[in-house]
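The values are calculated or read from the model by the stated rules, or taken from the named source; none is laboratory data. These numbers come from a predicted model, not from an experiment. Quick reminder, even Gly has a Cβ in these numbers, built from the backbone with ideal geometry, and neighbours come from all protein chains shown. The accessibility values were calculated without ligands, DNA or RNA, using every heavy atom of the protein model including side chains. Shrake-Rupley method; radii C 1.70, N 1.55, O 1.52, S 1.80 Å.
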Amino acid sequence: MVNQQHGENRWVRAVIPALLIHISIGTVYCWSVFKQLIADQMHVAPGVVEWGFSLAIFFLGMSAAFLRTLRRKGHQRIGPESRHVCFVCGFAGTGASIAAGWLPGVFIFYGVIMGIGLGVGYLTPVKNLMLWFADNKGLATGIAVAGFGLAKAIASPVMQWLVSTIGLA
């Protein structure tokens, strides 16, 4: 279980960071915490607001499928850049759009921009784990991907507290 090249435990060096990345990007599943609040603030039905989440999941899949080819061609920094830029800008832009009462902005920032960050952010750790753990691909990637689902359990109470403390936007 020890990575001989680095002399360190590869489970600690690779699986835990991948799990933490997936916990952070898995907060996309906390949309249900905000959906009704956004709908009320924007004076639309919750089903209309739901398009933000649907777009985010669509762009997660599309960016994972199509942007992975850039990674194969030597653009190694595409993962960290999309996670940081797209995911964070998507969240911030969503908050600004809510504050401005601009529903298309929610779809653009949460659905498209954050969705792209989700796709590459999801794929990058999984691919790296598959390379590092050729002998235990399923276990290593399964632990990381579990973080994606675990995020809702961890982040929902925090986000509810933040909304009640500082507001929705």
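Here are some notes:
- In this simple spin-label model, placing a label point 7 Å from the Cα along the Cα-to-Cβ direction at both S32 and W102 gives a separation of 3.1 nm.
- Note on segment 80-169: semi-axes of the ellipsoid equivalent to its C-alpha gyration tensor, largest first and rounded to whole Å, are 30, 17, 8.
- The calculated FRET efficiency for S156 paired with L131, based on their beta-carbon distance and R0 = 45 Å, is about 0.85.
- When the surface is traced with a 1.4 Å probe over the full set of protein chains, W102 keeps roughly 120 Å² accessible.
- The fraction of accessible area contributed by carbon and sulfur in the chain is 69 percent, rounded to a whole number (1.4 Å probe; ligands and nucleic acids excluded).
- Segment I16-V44, length gained on full extension (0.36 nm per residue, minus Cα span): 6.0 nm
- Electrostatic dipole magnitude of the chain [Cβ: Lys, Arg +1; Asp, Glu -1; Cα centre; debye, to 20]: 580 debye
- The chain: relative contact order in percent, alpha carbon pairs under 8 Å with at least 6 residues between: 37 percent
- The residues of the chain expose, per residue, 52 Å² of accessible area to a 1.4 Å probe.
- Descending Cα extents along the principal axes, segment 111-162, whole Å: 42, 24, 11
- In units of the rule-of-thumb radius 2.2 N^0.38 Å, the chain shows an alpha carbon radius of gyration of 1.12.
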